[in-house]
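Heads up, the thing below is written out as structure tokens.
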Amino acid sequence: MNDRTALVTGANKGIGKHIALLLAAEGFTVYVGSRDPERGRRAVEEIGAAARPLVLDVTDPGTVERAASRIDRLDVLVNNAGISPSLAPPTDTGAEEFRRTYETNVYGVVTVTNAFLPALRRSPQPRIVNVSSGTGSLTWSTHPNPQFTPGNGAGAAYRSSKAALNALTVLYAQTLAEDGFKVNALAPGLRATDLNPRAATGGDPAEAARGAVHLALLPPDGPTGGFFSWDGTPVPW
């Protein structure tokens, strides 16, 4: 087994699978987190010998705890799993849609991160990458960036959940800084995945994955508590 280990949630497809592929190419043993065992198995076959299936539903603390019990040491955690139910504005979005979105995009990140903290603490250079979105930038929401931010409050549940994830990124980075952790958020940009209703107009998921892997491989003097675009450019909170 490779000396370095990584876990990518939601790694059976899209950006997550590309992140797992790139980390495997960097010499990591990569745990492919997937709710569906069969989809996870197929992704592992595509990624190759360095990949390991890990059944993990970020909204189910039981599966998360069982997954965490299988991993003694973890060097990289990529919180990639996320959902985007609709592009509706808040006035047309029920509370249940907000709850369901936050359950995956926010509470799921807390559940997974806290469960795997013991394993991460055994790493000499622990790294956490939270896959966020440029649409979660409050600066771009109030001064719209047309490349990332749909107008008229569209996608309220998703966008607000990513703003919350950005806040969590800062808080985890501050809390874990003295333990050598680097915790950062990634804005992958619009990508051709099934997460986004505009997927057909999106860019290559592999391009975004390279940005995540860059943050996963940060040196000891690298940044923490930052928000970065896929190309390394800082994104305003």
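What follows is calculated from the coordinates using simple rules that are stated; it is not laboratory data. Just so we're clear, the structure is a prediction, and the values are computed from it rather than from any experiment. Glycine gets a Cβ as well: all are built from the backbone with ideal geometry, and neighbour counts include every protein chain shown.
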(Q) Which one, Ser123, Ser133, Ser69, has the greatest fluctuation when you compute a Gaussian network model over the chain with C-alpha springs under 10 angstrom? (A) Ser69
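Would you mind working out the magnitude of the charge dipole of the stretch 1-117 relative to its Cα centre, with +1 at each Lys and Arg C-beta and -1 at each Asp and Glu C-beta, to the nearest 20 Debye?
On the way: 13 positive and 15 negative charges, 49 e Å.
Here the stretch 1-117 has a charge dipole of around 240 debye.
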Q: Evaluate the relative contact order of the chain (contact order divided by residue number), counting alpha-carbon pairs under 8 angstrom at least 6 apart; express in whole percent.
A: 19
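How much FRET efficiency would the formula 1/(1 + (r/R0)^6) give for Arg122 and Glu96, where r is the Cβ-Cβ distance and R0 is 45 Å, rounded to 0.05? Working shown, then result.
Numbers: r = 39 Å, r/R0 = 0.87.
It comes out at approximately 0.70.
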**Q.** Nearest-ten-degree value, helix 205-216 long axis tilted from longest Cα axis of the chain
**A.** 60
Q.
Taking the Cα of Ala177, stepping 7 Å toward and past its beta carbon, and measuring to each backbone N in the stretch 107-141: which are under 17 Å?
A. 126-128
Q: Subtracting the Cα-Cα distance from 0.36 nm times the residue separation, let me have the gained length for Asp36 to Val110 in nm, one decimal.
A: 24.6 nm
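Report the gain in length on full extension from Glu46 to Asp221: 0.36 nm times residue separation, minus Cα-Cα distance, nm rounded to one decimal.
On the way: separation 175, 0.36 × 175 = 63.00 nm, distance 3.40 nm.
59.6 nm is the gain from fully extending Glu46 to Asp221.
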Q. Tilt of helix 156-176 relative to the longest C-alpha principal axis of the chain, in degrees (0 to 90, nearest 10)?
A. 40
Q) By how many degrees, 0 to 90 and rounded to 10, does the Cα axis of helix 108-121 deviate from the longest principal axis of the chain? A) 30
Q. Expressed as a whole number of Å, what is the distance separating the alpha-carbon centroids of the stretch 52-72 and the stretch 209-237?
A. 26
